[in-house]
Amino acid sequence: MSNTKLRPHHVLCHSKLRPHHVLCISFFEGKGYNPEFVQNMTEVIENLHDNTQIQLTVGADIICDKCPNNKEYLCQMEDKVRRYDETVLSLCHLFENQVIGWKELKELAFTRILNANKLKAVCGDCCWNSICQEKLTINGDVSVIGANAFYGCTELQTISWISGSFAETYAKKNGYIFITE
Ligand code: SF4
Ligand code: SF4
């Protein structure tokens, strides 16, 4: 007899994602709560492609699946992360359970949150926030960054993206450290 447990989101959809996790994925650099979490998050990211269909869920998702804070499919910080999710939905004009392509979701997050300097408004009280603010990773097919995109974002030091991209030009012009992915 198999002892493999079927988890609810695996039965329904392999790509359920908490809305605020689009931001966490943007900043992920191989660190996390424990090795199992890091390995799972790495695999989730590797399996996300531009045309992957995401179902937005305000609840446990494919990243929570291996997180030590996930107790019986409920985050130990549920009130806080629910607030993050709802803020992302509101800023991006999306709604819970909406199905959206990964590319479109990334672009909305970049345009309406990162490029609008609203990361702190979403998750300013997250324990990782100072790290994410310092390493603002530009995601999506960026062709324009407003001149005041990061005005007031005093902790921003590094922008990472593709070599030769507009982001590199922007970073160098505005005195940010640029690193290639
Ligand atoms: S369980 Fe909570 S802390 Fe862990 S990944 Fe999910 S939302 Fe984040
Ligand atoms: S500050 Fe926390 S919630 Fe916000 S993107 Fe970073 S890790 Fe995710």
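The values are calculated or read from the model by the stated rules, or taken from the named source; none is laboratory data. Just so it is clear, the structure is predicted and the values come from calculations on it, not from any experiment. Here Cβ is always computed from backbone atoms with ideal geometry, including for glycine, and neighbour counts include all displayed protein chains.
For this structure, a couple of remarks:
- Residues located in the range 52-89, provided they are charged (D, E, K, R) and more than 8 Å from ligand 1 (Cβ to nearest atom): D65, K66, K71, E72, D79, K80, R82, R83, D85, E86
- Within the range 26-47, tally of residues that are in contact with a strand residue (DSSP E or B) (Cβ under 8 Å, 6 or more places away or on another chain) and part of a loop (DSSP other than H, G, I, E, B): 1
- Cross-chain or 6+ apart pairs with Cβ under 7 Å, the range 20-35 first and farther than 25 Å from R112 by Cα and surrounded by fewer than 20 Cβ atoms within 10 Å (Cβ to Cβ), then modelled with pLDDT of 90 or more and of a type in the set (K, R): none
- Applying the criterion of being among the acidic types (D, E) and more than 13 Å from the chain's Cα centre (by Cα) to the residues of the range 105-134, the residue that is nearest to H21 (Cα to Cα) is D125.
- Close pairs (6 angstrom Cβ cut-off, 6 or more residues apart or separate chains): of a type in the set (K, R) in the range 44-68, within 8 Å of ligand 1 (Cβ to nearest atom) anywhere: K66/F37
- Per-region count, the range 65-96, residues touching a Leu at 6+ places or on another chain (Cβ under 9 Å), in a helix (DSSP H, G or I) and not aliphatic (A, V, I, L, M): 3
- Looking only at residues in the range 1-23 that are within 15 Å of ligand 1 (Cβ to nearest atom) and among the basic types (K, R), the one that is modelled with the lowest pLDDT is R7.
- In the range 77-133, the qualifying residues are those that are within 20 Å of T57 (Cα to Cα) and among the hydroxyl-bearing types (S, T, Y), and the one that is surrounded by the most Cβ atoms within 10 Å (Cβ to Cβ) is Y84.
- Candidates T111, T158, T154 - the one that is β-branched (V, I, T), more than 27 Å from E46 (Cβ to Cβ) and either in contact with a Gly (Cβ under 6 Å, 6 or more places away or on another chain) or modelled with pLDDT under 90 (or both): T154
- S26 within 21 Å of C126 (Cβ to Cβ) and at pLDDT below 95: yes
- Scope the range 29-64; condition small (G, A, S) and either modelled with pLDDT of 95 or more or away from ligand 2 (no atom under 16 Å from the Cβ) (or both); matching residues: G59, A60
- Residue within the range 118-125 that is within 11 Å of ligand 2 (Cβ to nearest atom), over 25 Å from Y176 (Cβ atoms) and not in a loop (DSSP other than H, G, I, E, B) present: no
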